[in-house]
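Reviewing the structure listed below.
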Amino acid sequence: MTTGTFLLARHSFSRIRAVLIGLGLLLAGFQFLLVQVAAYFARENAFDQLSVLLPEFVRNMAGPSVLGFMSFGGIVSLGYFHPVVITTLVGLMIWIATEPAGEVETRFVDLALSRPITRHDAMTRSVLVLIGAGSLMLLLMLTGTWVGLTCCTPAGADRPAPGLFVSLAGSLAAVMAAWGGVSLAITAAAKRRAAAGGVAGVCALAAYLLDYLGRAWKPAQTLSAISPFHYFETMPLVMGQPLDVRNIGILMGVGTLGATIGYIRFARRDI
Amino acid sequence: MTPDGLPAIRLDHLTKQYGRLFALKGVSLEVQPGEIFGFLGLNGAGKTTTIRVLLDLVRATSGRAFVFGIDCHRRGVDARTRIGYLPGELGFYGDMTGEATLDVLARLSRQRIDASWQKELFERLDLPREVLRKKVREYSTGMKRKLGIVQAFQSDANLLILDEPTEGLDPLMQEAFYELLMRTRREGRTVFMSSHVLPEVERVCDRIGLVRQGELVLVSPVADVRRLAARRVRILFREAVSPPRDGWPDGCEVLEVTPRVWHLRVRGPLGDLLAKLASLPVEDIEVPEPHLEDVLRRYYSESGS
């Protein structure tokens with residue numbers, strides 16, 4: 001990594017800091033709120049009633065994991081695999097990863113790359129910003145959970161082990177890395193940020209729906225293996241199983257492959 | 001410091017092809033240190049592509065480009081430490097102030113910025129501090145162009161590559177910019193500027209290169225180009241005269257002939273015409289200074305042929 005990488009990364013972070021802080025606080029607040037909700041159910045002893053409220057087909061589809069979810073730990077963990085949170089974080093990764101395309105579009109790239117900066121610097125900058133921004137989001141989410149659990153866990157509630165949240169955050173980090181990498185591969189050849197973001201967003205949505213379909217409909221199960229979300233397994237973690245390192249490896253592999261393609265394409269293209 | 005004996009820019013059979021379209025066709029050129037070189041051509045002729053190859057933003061299909069002997073592609077970072085660049089299209093972020101923009105770009109240049117030189121640039125281009133503290137989105141086109149000029153000049157690079165530098169500048173600021181160019185030349189730095197404003201090129205450039213449909217069709221000192229120009233000659237007679245019966249001298253083209261005034265266009269030396277006029281009652285002869293435009297228009301118009 002060169003001085004150019006750090007200068008570009010600093011420039012990028014300074015431009016998006018308000019968004020990162022705002023979004024991070026929102027996510028932390030959401031985690032804190034979930035602890036409040038879980039504490040309320042725990043105090044009211046309402047988890048059993050909650051599972052009764054679920055339609056039978058949902059209970060059948062989710063299997064025994066639904067019981068794990070209908071607990072203090074399950075509700076608290078929800079923030080790490082809630083569709084809104086996943087959409088937000090994957091969206092953030094796509095937005096950050098498409099910065100090089102945005103710079104090509106606005107022609108800032110002419111000003112930057114006419115200086116002693118390499119194209120690799122520009123891509124490495126994006127990787128750094130992805131890692132930095134992703135880590136910040138997860139750190140704030142974990143902080144929100146920790147603050148909530150520390151101040152609001154009702155007596156007698158089965159407080160989950162800190163390792164569960166670290167594992168959930170790790171899984172989330174892996175899926176974010178995968179989409180960051182895929183977006184870098186797409187953006188490296190794009191001339192417009194909206195086009196790159198649109199393509200990456202549609203891919204992410206399609207992959208999410210495919211994974212959902214695979215979980216709900218047996219014939220689609222094999223095909224759903226091509227979706228990165230297929231390897232984002234959180235329920236087993238909530239049920240107390242250890243983190244599946246293979247899944248993390250696959251997701252990180254997708255991210256690394258995407259980033260590598262991005263580096264090669266960006267280095268070879270005309271700007 | 002510029003390495004002795006090496007041209008500031010060397011283009012060696014540069015070709016850039018997009019599918020079946022040639023943006024550049026075997027362009028070879030040398031620009032010497034301390035020179036102000038005007039790179040001319042109509043829109044889409046290949047000026048900006050050439051500049052982008054020099055900056056390694058576009059990769060040549062074949063041929064090579066060098067800056068002070070350094071390969072612009074293989075050792076692009078080294079080459080670009082010697083370049084100050086003003087793009088034709090300025091990609092500043094609207095949400096940044098002018099000051100912050102210059103600061104970021106100065107850091108990326110990795111060269112120490114002389115504060116007094118930067119201040120002088122602000123003064124010359126009429127960019128007061130209060131303007132620099134505003135967001136760039138509040139700037140007019142001319143203000144953005146001035147900011148662009150400052151970022152290109154502030155690092156005191158040995159080679160300045162300027163793409164349409166005065167586009168959007170008012171006449172006063174154009175004047176300030178020309179003075180800046182003169183100073184740059186006095187300091188021995190090289191300027192490679194693309195333009196289609198011919199009077200500007202004529203005024204500030206030492207040599208010009210004209211690119212047409214990707215080919216370099218003319219490279220010449222500005223003074224020599226002027227000599228190539230067909231001169232308009234107006235001859236006023238004391239009394240009515242008839243056009244010569246034995247024909248006009250070679251290179252003479254009749255624009256308008258009246259009994260007491262002849263308007264001619266003459267290519268080449270005027271000697272034969274003056275010999276012909278010797279026996280006639282000439283009262284006055286006007287030969288205005290030819291303009292670069294007169295020659296270049298011919299080169300431009302030949303593009304279609």
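The values are calculated or read from the model by the stated rules, or taken from the named source; none is laboratory data. Since this is a predicted model, take the numbers as computed values, not measurements. All Cβ positions, even for glycine, are placed from backbone atoms using ideal geometry, and neighbour counts span all protein chains on display. For the accessible areas, the whole protein counts, side chains as well, though only heavy atoms, and no ligand, DNA or RNA atoms are used. Shrake-Rupley method; radii C 1.70, N 1.55, O 1.52, S 1.80 Å.
Numbers below:
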{"read-out": "Within the range B:186-195, considering residues that are buried (at least 17 other Cβ atoms within 10 Å of the Cβ) and not aromatic (Phe, Trp, Tyr), the one farthest from B:Asp163 (Cα to Cα)", "value": "B:Arg189"}
{"read-out": "Search result, residues across the range B:46-75 that are of a type in the set (Gly, Ala, Ser) and modelled with pLDDT under 95", "value": "B:Gly46"}
{"read-out": "Residues being of a type outside the set (Gly, Ala, Ser) and open to solvent by 40 Å² or more (accessible area, probe 1.4 Å) - total across the range B:60-86", "value": "9"}
{"read-out": "Of all residues in the range B:219-228 being at pLDDT 90 or above and closer than 12 Å to B:Leu296 by Cα, the one that is least open to solvent (accessible area, probe 1.4 Å)", "value": "B:Ser220"}
{"read-out": "Within the range B:229-285, tally of residues that are open to solvent by 80 Å² or more (accessible area, probe 1.4 Å), farther than 26 Å from B:Arg297 by Cβ and touching a residue at least 24 places away in the same chain (Cβ under 8 Å)", "value": "4"}
{"read-out": "Listing of strands (runs of 3 or more DSSP E) fully contained in the range B:147-263 that carry 3 or more residues being within 14 Å of chain A (Cβ to nearest Cβ)", "value": "B:159-163"}
{"read-out": "Criterion violated by A:Ile264 - all others in (1) in contact with a helix residue (DSSP H, G or I) (Cβ under 8 Å, 6 or more places away or on another chain); (2) part of a helix (DSSP H, G or I); (3) under 30 Å from B:Thr48 (Cα atoms) satisfied", "value": "(1)"}
{"read-out": "Pair list, Cβ under 8 Å, 6 or more apart: the range A:1-17 residue at the interface with chain B (Cβ under 10 Å from one of its Cβ atoms), other residue open to solvent by 60 Å² or more (accessible area, probe 1.4 Å) and at pLDDT below 90", "value": "A:Thr3/B:Arg110; A:Gly4/B:Arg110"}
{"read-out": "Test: residue in the range A:191-201 that is of a type outside the set (A, V, I, L, M), free of Cβ contacts under 8 Å to residues at least 24 places away in the same chain and part of a helix (DSSP H, G or I)", "value": "yes"}
{"read-out": "Qualifying residue in the range A:219-226 (condition: more than 14 Å from the chain's Cα centre (by Cα), assigned to a loop (DSSP other than H, G, I, E, B) and not polar (S, T, N, Q))", "value": "no"}
{"read-out": "Which numbered condition B:Arg112 misses (of (1) modelled with pLDDT of 95 or more; (2) within 14 Å of chain A (Cβ to nearest Cβ))", "value": "(1)"}
{"read-out": "Identity of the residue in the range A:90-107, assigned to a helix (DSSP H, G or I), closer than 28 Å to B:Arg52 by Cα and open to solvent by less than 20 Å² (accessible area, probe 1.4 Å), that ends up nearest to the other protein chains (Cβ to nearest Cβ)", "value": "A:Glu103"}
{"read-out": "Unmet requirement for B:Glu89, which otherwise passes all of (1) facing chain A (nearest Cβ under 9 Å); (2) open to solvent by less than 10 Å² (accessible area, probe 1.4 Å)", "value": "(2)"}
{"read-out": "Filtered residues of the range B:140-173 (kept if of a type in the set (Gly, Ala, Ser), crowded, with 21+ Cβ neighbours inside 10 Å and at pLDDT below 95)", "value": "B:Ser155, B:Ala157"}
{"read-out": "Neighbours by Cβ (under 7 Å, 6+ apart or cross-chain): first from the range B:18-39, closer than 13 Å to B:Met193 by Cα; second of a type in the set (Phe, Trp, Tyr) and open to solvent by less than 20 Å² (accessible area, probe 1.4 Å)", "value": "B:Val31/B:Phe37; B:Val31/B:Phe192; B:Phe37/B:Phe192; B:Phe39/B:Phe192"}
{"read-out": "Number of positions in the range A:108-139 that are farther than 19 Å from B:Gly76 by Cα and either open to solvent by 10 Å² or more (accessible area, probe 1.4 Å) or facing chain B (nearest Cβ under 10 Å) (or both)", "value": "9"}
{"read-out": "Scan of the range B:181-218 for residues that are under 17 Å from B:Gly142 (Cβ atoms) and either among the hydroxyl-bearing types (Ser, Thr, Tyr) or at pLDDT 95 or above (or both), ordered by number", "value": "B:Ser195"}
{"read-out": "Criterion (part of a helix (DSSP H, G or I) and free of Cβ contacts under 8 Å to residues at least 24 places away in the same chain) met by exactly one of A:Leu111, A:Leu140, A:Leu128", "value": "A:Leu111"}
{"read-out": "When residues of the range B:49-86 are limited to those that are under 19 Å from B:Arg110 (Cβ atoms) and assigned to a loop (DSSP other than H, G, I, E, B), the one farthest from the other protein chains (Cβ to nearest Cβ)", "value": "B:Phe68"}
